[in-house]
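Nothing in this text is a laboratory measurement; each read-out follows from the coordinates by a stated rule. Quick caveat: nothing in here was measured; it's all calculated off a predicted structure. Here the Cβ positions follow ideal geometry from the backbone for every residue, glycine too, while neighbour counts run over all protein chains shown.
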Amino acid sequence: MSYRELIVELERDRAEELSDALLDLGALSVSVEDADADTPDEQPLFGEPGLTPERTAWQHSRVIALIGEDQDPAVLLAAASNELGLPETPKHTLREVEEQDWVRLTQSQFEPIPIGQRIWVVPSWHDAPDPDALVLELDPGLAFGTGSHPTTRLCMEWLEQHVETGKSLLDYGCGSGILAILAQKCGANPVIGIDIDPQAVESARHNSERNRADVTYGLPDDLQAGEFDIVVANILSNPLKLMASMLSSRVKPGGRIALSGILARQAEEVAQVYAQWIDISVWREHEGWVCLAGTRRA
């Protein structure tokens with residue numbers, strides 16, 4: 001089956017509505033991009049993580065709908081325009097989509113990732129470059145964490161250097177489970193992973209089974225009372241500040257904590273919040289992100 005792209009340019013206020021209408025009427029997928037991209041009028045839309053953007057759409061938007069060969073683009077667009085009450089059907093262009101092996105194309109974008117001294121994160125369709133290394137088999141998915149983001153990489157490098165055999169560990173905000181799995185492979189035991197997203201918990205369980213890692217996962221209400229030798233949390237600065245008391249209380253006296261998801265300019269503010277319980281400082285910085293690490297005072 002061949003596919004085409006229906007392309008419409010229109011003002012900001014109607015782009016999202018048109019996207020929704022096209023999907024409701026049978027478009028296979030819809031994306032919206034800046035119609036002024038790569039021109040002097042291009043507008044940056046999204047700010048830094050954790051901050052609300054000043055604008056939620058571009059002034060001039062380009063709506064791109066993927067449709068099948070059996071769908072009439074003019075009829076589809078007319079129906080969507082009528083549903084929105086537009087005074088007239090917007091002008092459109094069509095673009096043929098070259099047939100490709102989409103699975104192979106997607107897979108080609110994800111190669112094994114080396115991290116630290118001996119860690120490899122390897123997609124399931126690749127062999128490990130070094131089978132004697134610490135190998136984590138992990139496919140890109142819905143839950144955050146494949147090792148490609150600087151915050152995940154920082155936490156993994158910290159774990160590689162600081163996890164000791166038999167030490168208990170809590171991964172709060174576990175996402176894909178990548179940090180918990182690595183910690184268990186480094187010798188931590190027991191390892192607990194907690195996330196507020198049930199889908200992330202299921203993804204983490206699946207990834208642990210694939211990697212033959214003995215990790216217990218759950219939602220925050222599933223976390224029983226107790227302290228850990230190591231607590232790691234790769235989230236964002238605002239949630240980390242709000243959870244400072246709770247996370248610090250989960251660290252045994254003399255135990256370690258590592259925090260990431262923090263921009264370099266936010267490091268001092270986050271560290272100050274934890275300082276009443278933890279002797280904490282920047283452990284390492286990478287691409288504008290930092291990992292804070294410290295020890296809980298007895």
Cut-off is 10 Å between beta-carbons; in what order do 274, 3 appear when sorted fewest neighbours first?
3, 274
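What number, in percent, do you get for the relative contact order of the range 134-272 if the mean sequence gap of Cα pairs under 8 Å and at least 6 apart is divided by its residue count? Could the numbers behind the result be given before it?
On the way: 264 pairs, mean separation 32.4, N = 139.
Across the range 134-272, relative contact order equals 23 percent.
Which of the GluC sites (Glu not before Pro) found in the range 221-279 are in a DSSP loop and have at most 14 neighbouring Cβ atoms, other than their own, within 10 Å? Display every interim value, and only then the final one.
Numbers: sites: 227, 268, 269; in loops: 227.
Filter output for the range 221-279: 227.
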Amide hydrogen neighbours beyond the local backbone of residue 3, cut-off 5 Å, H modeled:
97
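Note down, for the range 144-296, the three equivalent ellipsoid semi-axes (square root of 5 times each alpha carbon gyration tensor eigenvalue), biggest first, whole angstrom.
Working: eigenvalues 93, 55, 43 Å².
Semi-axes (√(5λ), whole Å): 22, 17, 15.
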Hey, what do the phi angles of the range 173-180 turn into as Karplus ³J(HN,Hα) couplings, whole Hz, using 6.51/-1.76/1.60 and θ = phi - 60°, x for Gly and Pro?
x, 6, x, 6, x, 4, 6, 5
Identify the trypsin sites (Lys or Arg not before Pro) of the range 178-240 meeting these criteria: DSSP loop state and at most 10 other C-beta atoms within 10 Å of the C-beta.
212
